[in-house]
Amino acid sequence: MKINLITFLFLFGPVFGYAQNKKSVDAIKLSKPLAIDGYLNEPEYQVASPAKDFFQLQPNNGEPSFQPSEVYFFYDQNAIYVGAMLYDNSTDSIFNYLSKRDDIGMSDYFGVYFDPYNEGQLAYGFFITPAGVQTDMKAIKSGNDQEDGNWDAVWQSKTRITDRGWVIEMRIPYSNLRFPEKDIHTWGMNMFRNIRRYNSNNSWNFIDRKVSGFIHQQGTLNGIKDIKPPVRLSFTPYAATYFETSKNGSTDVLYKGGMDVKYGINESFTLDMMLIPDFGQIQSDDKQLNLSPYELYYNEKRQFFNEGTELFQRGDIFYSRRIGGTPKFSDEAEDQLKENEIIDYNPSSTRLANATKISGRNDKGLGVGFLNAMSLPAKAEILDTITKVKRKIEVQPFTNYNTFVVDKTLNNNSYISVINTNITMENNPFRANVTASEFLIRDKNKKFSIGGKGGISYRKTNYQNKENGGYAQLELKKDKGSLTYGIEQSFRSKNFNPNDMGYLQKNNILKSNIWTEYALIDPFWIMREMYIGFNGEYERIVDPSDKLGTEVETWAFIRFKNNSSFSSTIGIKSKQNDYDETRVDNRFYLKPYHLYYNYYYSSDTRKNINYNIYFGGFNYPLNNNSGEWIGFTTNARLGQHIRLQYNFRIDNEYNDKGYVNKSDDDSNIQFGNRDVEVVENTIEMDYTFNNKLSLAFRSRHYWSGVKYNAFYTLQNNGNLSSDNTYNENQDTNYNIFNIDTILRWYFAPGSELSLSWKNEIFNDQDYAIYGINNNIKDTFEATSTNTLSLKILYYLDFNTIKHAFTNK
């Protein structure tokens, strides 16, 4: 798991205003490469001048670091080298835990960010722990600077703990960086050191936490001369074998193979290609029962669609899970059934043939992103229950997905962008095209800003049915200082629909929002810092014009001096005409007002055993509908190698009023009075053998039981009337159990071998079994799907291959 290291640094801690000039340090040219062994004993270390005198980011912004650091820089024609002596007068107190690659965990760490263009727009980060665990990420200037933790680089490192502290050596090939071709280079650069026992984060060049963003608050790395950008070309072929035992007892063996290709078009832009993609080893989604009118949102876990895709988030119209997702017309398979036929198989996803991505940003601040993917036809299988004959029907033809974005950074961390998404299908009239723009303009002092988004959507579902819609959003805010506030107005038309390649829960809405926050960031009494805030919303339905409701809430966050924290939220929402729950145009359900609250406490995360707990609830006083939830997470680090985590959640709702069914002509809508209970248990375990070999285990059981007490008919005025004639069984007992286990070995830079076992048990019944013990027993008696897979991928770098052949 990647961690947003630097973003975290600015969330907590007191702030002081220290004026500092930019620091600089020189890199020394090498006549031969350094040995990356964790020993700073080459002669070059004796003549180089180190970067030192780090400043605290927290707890005391601008004061000297609790422990001194000395960092040396070198370079040759192929790579940049970093050597660091991180002094510590209590080496047995260094937080030195093994973890998976790209997971800092709770270790101390050191990292360096390089900005080869020295424009404060894009920086490449390389971080390491005392145990030698690598993490890499990109920082992108965009409003408040963002970090792309899904970016992966291939580099060498070695660490060593001594009686004086801990030592680092890094070799970072130029193929990981983008820089201009010129004689003399001045790179932007900053370094970060975290000392966990003090809960202290530190930077080499001073970073004022009152100023938004950190990339432009960097120092400089000088002395690099006469280097040329290398050919950035790499190939990562893979081969995989899958053994799957399905629910009906059959076993399938599947062989897969393909390749990823990266090519640096120039020093600014990179081409990524996946040929015959394979995502069989990614973690299973946390599925759950959905009674709402809105589609569930699942996070993207496929690395290709995470890495380098920050540009595609502009305009809020791109949701990468649509690519290769559920077939577009899978719900229509039932409409094609003939007499005595049933759906024997309906695919849950489409298979990608390939995917291509071009992304990057030049030294003028122009960012360009292009993503194209193609999926193969998906077909459902229909079974005749009398003749046992099967036939196939197409639920999605060959499909092309396309996204294009242009983004220009402006002064003062401002930007403007335009993005387009579109889908076309072979031999099918379906078309979807959405275009949006986004901008953010800050003043010179970065105290005030104005931002906005807007766009239009076009959909053609057949040759006659066409829809056009639009949305707009404008926000004014003050986002610097102890008191911040803002106001926002947004509009989405009834026919605005970006959901073919985006994700939007509600359209047809006009919303006004106002918020304010006050930060007490100087320690006082037992508190280290405190934030309090207020938010107010007013919503209307656009068509037909109708008031939807008003909501106000207040919240607070406190971090104590012992590093524990507490937060709370309390709010009230007025009665509303809910046009979504009915699932029928221009029909609404009249919801009465309700109150809600939520409280959260977290213990000191530096401890080997720590926990957090939350609880909350809501109440509709006028219709006897209420609910409460409680959950906790406990984390344990057992020695250097083992991490355990247990999550538990209960969510109960009583006398909920919600949609059940409707007539074919939409004239009659049934609602139900139901009790809903949810119990979820998740266990995670990581065993890290060393910084290249790790075992990860995750098990999750989710149960939701729904018991209906009464049924109603929805009236035209939004009220409910009892319906004693409705007798369909709507009770539900929903169980799902997943196991995800993966053994991963990084046997060479950029190369890995992985062995994965995935198990899924799914049981959905039309009755409710109360009691977690009964449900666990019922779940394990159901049939399961098991998948065992072995995958190997090998990283081949053009420059390494060329160098090997040249030296022969």
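State, as an integer percentage, the relative contact order of the chain based on alpha-carbon contacts under 8 Å between residues 6 or more apart.
9 percent
Per residue, the convex hull spanned by the Cα atoms of the stretch 178-271 measures out at 247 cubic angstrom. With semi-axes defined as the square roots of five times the eigenvalues of the C-alpha gyration tensor, the equivalent ellipsoid of the stretch 5-225 measures 23, 22, 17 Å, largest first. Shown in residue order for the stretch 720-731 are the 3J(HN,Hα) couplings computed by the Karplus curve 6.51 cos²θ - 1.76 cosθ + 1.60 at θ = phi - 60°: 10, 10, 4, 10, 7, 8, 6, 10, 6, 7, 10, 4 Hz (x for Gly and Pro). Once you reduce the stretch 496-572 and the stretch 86-134 to the center of their Cα atoms, the two points are 33 Å from each other. Per-peptide packing, taken as the mean over residues of other Cβ atoms within 10 Å, places 715-723, 750-758, 70-78 in the sequence 70-78, 750-758, 715-723 from highest down. Taking a Cβ cut-off of under 13 Å around Lys182, the surrounding Lys, Arg, Asp and Glu residues balance to a net charge of -3, with basic ones at +1 and acidic ones at -1. From the Kirkwood radius over Cα pairs of the stretch 410-542, Stokes-Einstein at 4 °C and 1.567 mPa s returns a whole-number translational diffusion coefficient of 74 µm²/s. 3J(HN,Hα) along the stretch 667-683: 7, 10, 10, 9, 10, x, 9, 9, 9, 10, 10, 10, 10, 9, 10, 9, 10 Hz, from the Karplus curve 6.51 cos²θ - 1.76 cosθ + 1.60 with θ = phi - 60°, whole Hz, x for Gly and Pro. For the stretch 5-225, the Cβ-based charge dipole about the Cα centre amounts to some 140 debye (Lys, Arg positive; Asp, Glu negative; other atoms uncharged). The Cβ shell under 15 Å around Arg431 holds other residues with a net charge of +2, Lys and Arg each +1, Asp and Glu each -1. Spatially, the stretch 175-203 and the stretch 393-466 are offset by 34 Å when compared through their Cα centroids. Over all other residues within a Cβ to Cβ distance under 15 Å of Leu695, the charged ones net out to +2, with Lys and Arg as +1 and Asp and Glu as -1. Cross-link check: pairs Lys138/Lys446; Lys453/Lys662; Lys357/Lys444; Lys301/Lys573 evaluated at a Cα-Cα cut-off of 26 Å; pairs beyond the cut-off: Lys453/Lys662; Lys357/Lys444; Lys301/Lys573. One chain, two ends: Ala710 and Lys575. Fully extended at 0.36 nm per residue, the span grows by 46.4 nm beyond their Cα-Cα distance. Here, the stretch 250-298 is characterised by an Rg to Rh ratio of 1.19, where Rg is the alpha-carbon radius of gyration and Rh the Kirkwood radius. Radius of gyration (Cα atoms) of the stretch 524-566, expressed as a multiple of 2.2 N^0.38 Å: 1.95.
Could you tell me the relative contact order of the stretch 295-504? Use alpha-carbon pairs under 8 Å, at least six residues apart, and round to a whole percent. Intermediate results must be reported in sequence, preceding the final value.
Values: 499 pairs, mean separation 34.6, N = 210.
Reported relative contact order: 16 percent.
The phi-based Karplus calculation (6.51 cos²θ - 1.76 cosθ + 1.60; θ = phi - 60°) puts the 3J(HN,Hα) values of the stretch 504-520 at 9, 7, 10, 10, 6, 9, 10, 10, 10, 9, 9, 8, 8, 9, 10, 10, 9 Hz, whole numbers, x for Gly and Pro. At 0.36 nm per residue, minus the direct Cα-Cα distance, what do Asn717 and Ala519 gain on full extension? Give it in nm, one decimal, please. Extra length from Asn717 to Ala519 when fully extended: 66.8 nm.
Does the chain come out rounded, prolate or oblate by the C-alpha gyration tensor, with a ≥ b ≥ c the root eigenvalues, rounded set by a/c under 1.5 and, if not, prolate when a/b is larger than b/c and oblate if not? Since a/c reaches 1.5 and a/b is larger than b/c, the shape of the chain is classed as prolate. Note: relative contact order over the stretch 345-437, using C-alpha pairs below 8 Å and six or more positions apart, is 22 percent. Projected onto their three principal axes, the Cα atoms of the stretch 21-144 cover extents of 40, 40, 32 Å, largest first. Per 5 Å bin from zero, what fraction in whole % of the C-alpha pairs of the stretch 295-504 is there, up to the bin with the longest pair? Cα pair-distance distribution for the stretch 295-504, in percent: 1, 7, 12, 14, 16, 14, 12, 8, 6, 4, 3, 2, 1, 1, 0, 0. Evaluated on the stretch 582-693, the Kirkwood hydrodynamic radius is 17.8 Å, with distances taken between all distinct Cα atoms. Of interest is the spacing of the C-alpha centroids, which for the stretch 613-676 and the stretch 574-603 amounts to 14 Å.
Between the listed residues Gly280, Leu254, Ile265, the Cα displaced farthest toward the positive end of the dipole of the stretch 250-300, a dipole computed from Cβ unit charges relative to the Cα centre, is found at Leu254.
Descending by average beta-carbon neighbour count within 10 Å, the peptides 577-585, 381-389, 515-523 line up as 577-585, 515-523, 381-389, the highest first.
No lab work stands behind these numbers, since they all come straight from the coordinates. If you're wondering where the values come from, they're calculated on a predicted model, not measured in any experiment. With ideal geometry, Cβ positions are generated from the backbone for all residues, glycine too; neighbour counts draw on all protein chains shown.
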